[in-house]
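See below for the structure under consideration.
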Amino acid sequence: MPAQKARQPRRPLSWTAVGVATVIAWPILAILWIAISGDDGTWQHIIANVVPRATGRTLRLLFLTGLVTAFFGVLTAWLVASFDFPFRRLLSAALVLPLAIPSYLAAYAFGEFLDFTGPLQTWYRQIFGYQTAREYWLPDIRSLGGAVLVLSAVLYPYVYLACRSMFMMQGRAAADVARTLGAGPLRVFFQVQIPMARPAIMIGLTLVMMETLNDIGAVEFLGVNTLTFSIYDTWLNRGSLSGAAQIAAVMLLVVSILILVERAARRQQRFSGNRTTTLADAAMRPRLSGAKGLLAAAFCVLPVAFGFGLPFLVQGRFALARIEDFADPRLLDALWNSITVSTATALCSVALGFVLSYAARSERSGLVAFSNRLASLGYAVPGTVLAMGVLVPLAAFDNALDGILRESAGISTGLLLSGTGFAIVYACTVRFMAMAEGNLDAGFQKLSPHLDMAARALGRNRRQTLWSVLLPNMHPALLTAALFVFIETMKELSATILLRPFNFNTLATLVYEDASRARIEDSSVAAIIIILAGLVPVALVSRSLNRLH
């Protein structure tokens, strides 16, 4: 019998990937440990009074937000992919703009616009001759319905992007066949395109619901106590860390269900080939002219106006009135902190993401694949939950190190990690690792594996191949990943508000503080900087969409 082939040992790169994944997943494991081991006597109160109400409110918010985002996201994607009407190409790119608006900024803008002293109610009183708010009734923006409106306005592009890609690729081919068989537009939409786009819809809705769960600034401002806010309230206001961790465990269960739904939807996606839209395809789009074309254009303008136009104009008007605030020391300090934290997070995320992506390219083992999946879980975990999972282990390490050095050398290190910006960088790295790793993996996918083999055939070892062949070709992917992580970190609020040291503000927390004091105008310049920064990746996405016509 031939000798049995010896089992190859794991390479160091595989174990390095495992180490990276462990560091990224550690906060999630810490949350579960605190929830299981902690018991300060508040769990019975929480499970009886806090969890049922907060869970019910959260589920209603998720359902209604998902319903509204699906309605606008699917229909706008269908219109721009299937028909030709006035300003179609412009609107196709503009429909992505609300992604530049963080949900908390949108909530503050809607609150100002719809408030008693805001433009809408002022015009309403002038038109109908009312003097006080008791003489008329308008829906209250500070309600569950208001939260659904605000979150849907800025999150529908997730559904739009997923469905647009489907309609432009596989859905267009099937729709063309159905039309040649005599089916009308509505019948093609409901019986052909919607069933084929169902996986894409589910992927988009999963992202919408994860972002809804992550939000804390908007729901707190609008008075909707979700599970995320309950964690914040239980931890900081009631002083119960274990109680907050137990609520976080419930939240992780909801997140796990969403991840399973998203993974199942991805497995159901099937593409008929790498079909792209050509000029001939564009010419085949049915032309909507007259009233139909104007209605289609108006329907596509509506979500852009609510999701981007209103927040940008409200914050922009306030910022122009306070142009001198650009030299305000508070703003400059917050801007410097944001740049510092965002740069450190981008560098850490790209470095660790590169290790994972390169390991996946080089090793192609089950261990590396598992490590990549584990490292990508952070994006699905709300920032409030991550903050708790980061702070507790870091504080324990700081206290242990401080105790050892006090006894041995009489030196106090204080809160070396948990009391500095390191905690924010760690949490944001965990949260945005999936974004960095995804961009880098896509960059590696574009490089032929024959590059590695050719370099090795010319006598270069793995390290020389990496530095002289792969890295120069990965510059675009590295820069894109760093840019996306940098800007997302600059906008991040839910983890930063809990982890920031004393007297440490980023642009996001500065806006949050002023809004909490009902002084939204004071932070309008910071809000505009955040929005303008958010427009950079959105512009890149819009540019790629325009290439597809």
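The values are calculated or read from the model by the stated rules, or taken from the named source; none is laboratory data. Please read all numbers here as calculations on a predicted model, not as lab measurements. Methodologically, a virtual Cβ is constructed for each residue, glycine included, from the backbone with ideal geometry; neighbour enumeration extends over all protein chains shown. Note: areas computed on protein heavy atoms with side chains; ligands, DNA, RNA excluded. Shrake-Rupley method; radii C 1.70, N 1.55, O 1.52, S 1.80 Å.
Quick grid of which residues meet (1) surrounded by fewer than 18 Cβ atoms within 10 Å (Cβ to Cβ); (2) farther than 30 Å from residue 37 by Cα:
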{"site": "407", "(1), (2)": "yes, no"}
{"site": "420", "(1), (2)": "yes, no"}
{"site": "443", "(1), (2)": "no, yes"}
{"site": "468", "(1), (2)": "yes, yes"}
{"site": "479", "(1), (2)": "yes, yes"}
{"site": "491", "(1), (2)": "no, yes"}
Of the conditions (1) within 17 Å of residue 341 (Cα to Cα); (2) assigned to a loop (DSSP other than H, G, I, E, B); (3) not basic (Lys, Arg), residue 518 fails just one. Which one is it?
(1)
Only one of 503, 461 that is surrounded by fewer than 17 Cβ atoms within 10 Å (Cβ to Cβ) and closer than 30 Å to residue 111 by Cβ
503
Which residue out of 319, 359, 351, 344 is in a helix (DSSP H, G or I) and in contact with a Leu (Cβ under 7 Å, 6 or more places away or on another chain)?
359
Please go through region 380-400 and give me each residue that is in contact (Cβ under 8 Å) with a residue 12 or more places away in the chain and open to solvent by 50 Å² or more (accessible area, probe 1.4 Å), ordered by number.
397
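Each row is one residue, and each column tells you yes or no for (1) open to solvent by 70 Å² or more (accessible area, probe 1.4 Å); (2) farther than 17 Å from residue 69 by Cα.
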position: 294; (1), (2): yes, yes
position: 304; (1), (2): no, no
position: 309; (1), (2): no, yes
position: 312; (1), (2): no, yes
position: 317; (1), (2): yes, yes
position: 321; (1), (2): yes, yes
position: 326; (1), (2): yes, yes
position: 331; (1), (2): no, yes
Considering every residue within region 342-359, establish whether at least one is surrounded by fewer than 22 Cβ atoms within 10 Å (Cβ to Cβ), modelled with pLDDT under 95, at positive phi and not aromatic (Phe, Trp, Tyr).
no
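Considering 540, 535, which residue is open to solvent by less than 50 Å² (accessible area, probe 1.4 Å), touching a residue at least 60 places away in the same chain (Cβ under 8 Å) and within 19 Å of residue 488 (Cα to Cα)?
Numbers: 540 fails: open to solvent by less than 50 Å² (accessible area, probe 1.4 Å).
So the residue among 540, 535 that is open to solvent by less than 50 Å² (accessible area, probe 1.4 Å), touching a residue at least 60 places away in the same chain (Cβ under 8 Å) and within 19 Å of residue 488 (Cα to Cα) is 535.
Identify all residues within region 495-510 that are part of a loop (DSSP other than H, G, I, E, B) and in contact with a Leu (Cβ under 7 Å, 6 or more places away or on another chain); write none if there are none.
Quick first cut of region 495-510, residues part of a loop (DSSP other than H, G, I, E, B) only: 495, 500-506.
Scanning region 495-510 gives a single hit, 495.
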Need at least 1 residues that are in contact with a helix residue (DSSP H, G or I) (Cβ under 7 Å, 6 or more places away or on another chain) and closer than 23 Å to residue 543 by Cα per element, so show me which helices (runs of 4 or more DSSP H) inside region 390-486 make the cut, counting only ones lying wholly within it.
422-445
Are any of the residues in region 309-330 touching a helix residue (DSSP H, G or I) at 6+ places or on another chain (Cβ under 9 Å), within 25 Å of residue 97 (Cα to Cα) and among the polar types (S, T, N, Q)?
yes
